[in-house]
Structures are given as structure tokens and as C-alpha cells.
Amino acid sequence: MHASTVRTLLVRGMLAGLIAGLFAFAVAYVGGEPSVDGSIAVEEAQAAQEAAHAGHGGEEAEEEEVVSRSAQSTFGLATGVLVYGVALGGVAALAFSFALGRVGRFSPRATAALTAAAAFTTVYLVPFLKYPATPPAVGNPDTIGKRTTLFFLMILLSVLLGVAAVILGRRLAPRLGNWNASLVAGFGFVLVTGIAFAVLPANDDAVKAGFPAKLLWEFRLASLGVQVVLWVVFAVVFGFLAQKALAARTAGAEPPARVEVPAAG
């Protein structure tokens, strides 16, 4: 693929990521922020009880917030989600440029959908199943570094296993056919991922004892919903933009039609 085409797809991927980020922000604000507020309220209540038992009686001054909670839940959340969407949109566009024509005779829209599905599965869903999201201030702060390292290790491992599954499927396709090769590669991915789940340590201290299970479930469901909306919208928007861009490039590359001039009689 020509460098200028890749550059065009990269820009359109980032634009699609920005649009997808707007939809994801709406879901995060409406569906996720109430559970975040609830978790903060639980944490503050537990802190007050611990202070009362310790004999402080609430005399200690509360730490002043550098950024207000209202700003965090609006401008802060929007900035984070939009930057995240643009970055992932650019990376996914580069992956699309590499995958187009190499994973089967799929149209640009179908390839965009497959790329988004693969990215969602490897970058978010698999790590989420092993280390599900937790609201802020509910885990042991002493182990946050360890838990973050394990989560990103799971992302890296999932992406590498996904790439290995694609390579395996391509190599088996000439002998088994595309469908059977895809099944074998998919089964291998699930099997090795399951082994990784069993070997890697669990986040036993990610949630404090006594934290409301309903609130935790609502937060995790909202987190999953944000990612689903982000990748679905990206697949639809980028698929449309990529199809249009590649069609224009193809049309512009076609040689002009030859005009037959009748010989003078």
C-alpha cells in the first residue's frame, strides 16, 4: 500500500476514533459516573468510620482537591476518553492498512469491522476477563503498581497471542481451507489464553471486603459498555471513511479510456 494511502487512512482512523470517543464519553458519563460517585461515597464513609474508631473523631482536615469532582467527571473524563479514542483509532487504522488484502478477500468495510473486533478482543476483552475494572479508591493502594503491571502484561500477552493466531491461520489455510484454519487458530488462541489465566496471579486485593457487589457490577458493566460503543462506532465510521478513500484512490489510478479515432476515408 502506498505511503500516501496509509497516511490518509491514519488521519481518517484518528477522526473515526474521535467520533467514537464522543459516543463513548456519553456512555461513560451517563452509565459510569453514578457508580464512580457511589464508590467514592462508600470509600469516604469507610474512612470516616476508621477515623472514628481510631479516636480522631473527624478532627483531621480533609485534603483539598486539586481538581474538583465535577471537573473530573466532565472535562477530565471527556479529555481522557477523546484522547484514548484518537490514539486507538490511529493504531487501528495502521493495523487495518496492514490487514487489508492479507487476511482474506474482504471489502474495506468488512476489514475495518474485523480489525475493530480483533482490537476490542485482544486489547480490552481478554484482559478485562482476567483483571476486570474496579472503581477508584476501592482497592489496596499498596498494590496498585503490581495490579497495573499485571493488567498491561495481560494486554501485551493477549495482543501477541492474537497476532500468533492470525499467522497460524494463514499458514494452515492452504491445507485446511480458510474456515477450518480459522477454527483451529481460534481454538489455539482460547486454549493458550486459558492457560495464561490459570498461571498469572489474581487480583485478590483489587476490591476491599464489604464493598457493595451491586455497585461493583454496575461499574464493570458500564466500563464494558464504553468499550463496546467505542469500537462499534469506530468500525462503522472508519469502515465508511476507508471505503470512500480507497474507492477514490482506485478511481484516480485508473488510466484514461482510449478513444478510437476513425481513419480518414
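The values are calculated or read from the model by the stated rules, or taken from the named source; none is laboratory data. Just so you know, these numbers come straight off a predicted model, no measurement behind them. All Cβ positions, glycine included, derive from the backbone under ideal geometry; neighbour counts span all protein chains shown. What goes into the accessible areas is simple: the full protein's heavy atoms, side chains included, and nothing from ligands, DNA or RNA. Shrake-Rupley method; radii C 1.70, N 1.55, O 1.52, S 1.80 Å.
Which one of these is modelled with pLDDT under 70 and either in contact with a helix residue (DSSP H, G or I) (Cβ under 9 Å, 6 or more places away or on another chain) or open to solvent by 60 Å² or more (accessible area, probe 1.4 Å) (or both): ALA3, ALA24, ALA20, ALA54?
ALA54
All but one of (1) at pLDDT 85 or above; (2) open to solvent by 60 Å² or more (accessible area, probe 1.4 Å) hold for ALA78; state the number of the condition that does not hold.
(2)
In the stretch 197-228, what residues are over 26 Å from TYR29 (Cβ atoms), modelled with pLDDT of 85 or more and small (Gly, Ala, Ser)?
Once the filter is applied, which keeps residues that are over 26 Å from TYR29 (Cβ atoms), modelled with pLDDT of 85 or more and small (Gly, Ala, Ser), the stretch 197-228 yields only ALA198.
Restricting to the stretch 133-150, name every residue that is surrounded by fewer than 18 Cβ atoms within 10 Å (Cβ to Cβ) and either among the β-branched types (Val, Ile, Thr) or at pLDDT 80 or above (or both).
Once the filter is applied, which keeps residues that are surrounded by fewer than 18 Cβ atoms within 10 Å (Cβ to Cβ) and either among the β-branched types (Val, Ile, Thr) or at pLDDT 80 or above (or both), the stretch 133-150 yields THR143, ILE144, THR148, THR149.
Could you list, ordered by first residue, the pairs with Cβ atoms under 6 Å in which the first is in the stretch 94-120 and more than 15 Å from LEU230 (Cβ to Cβ) and of a type in the set (Val, Ile, Thr) and the second is open to solvent by less than 70 Å² (accessible area, probe 1.4 Å) and not in a helix (DSSP H, G or I), at least 6 apart or interchain?
THR111/LEU100
Return yes or no: is ARG105 open to solvent by 60 Å² or more (accessible area, probe 1.4 Å), basic (Lys, Arg), modelled with pLDDT under 90 and in a helix (DSSP H, G or I)?
no
Cβ contacts < 9 Å: first residue under 11 Å from LEU94 (Cα atoms) and among the basic types (Lys, Arg), restricted to the stretch 1-16; second residue in a helix (DSSP H, G or I) and open to solvent by 60 Å² or more (accessible area, probe 1.4 Å), any location; separation 6+ or different chain. Result?
Close Cβ pairs (under 9 Å, with a partner that is in a helix (DSSP H, G or I) and open to solvent by 60 Å² or more (accessible area, probe 1.4 Å)) amount to ARG12/LYS244.
Pick out the one residue from LEU168, LEU191, LEU216 that is open to solvent by less than 60 Å² (accessible area, probe 1.4 Å) and either part of a helix (DSSP H, G or I) or under 30 Å from LEU15 (Cα atoms) (or both).
Result of the check over LEU168, LEU191, LEU216: LEU216.
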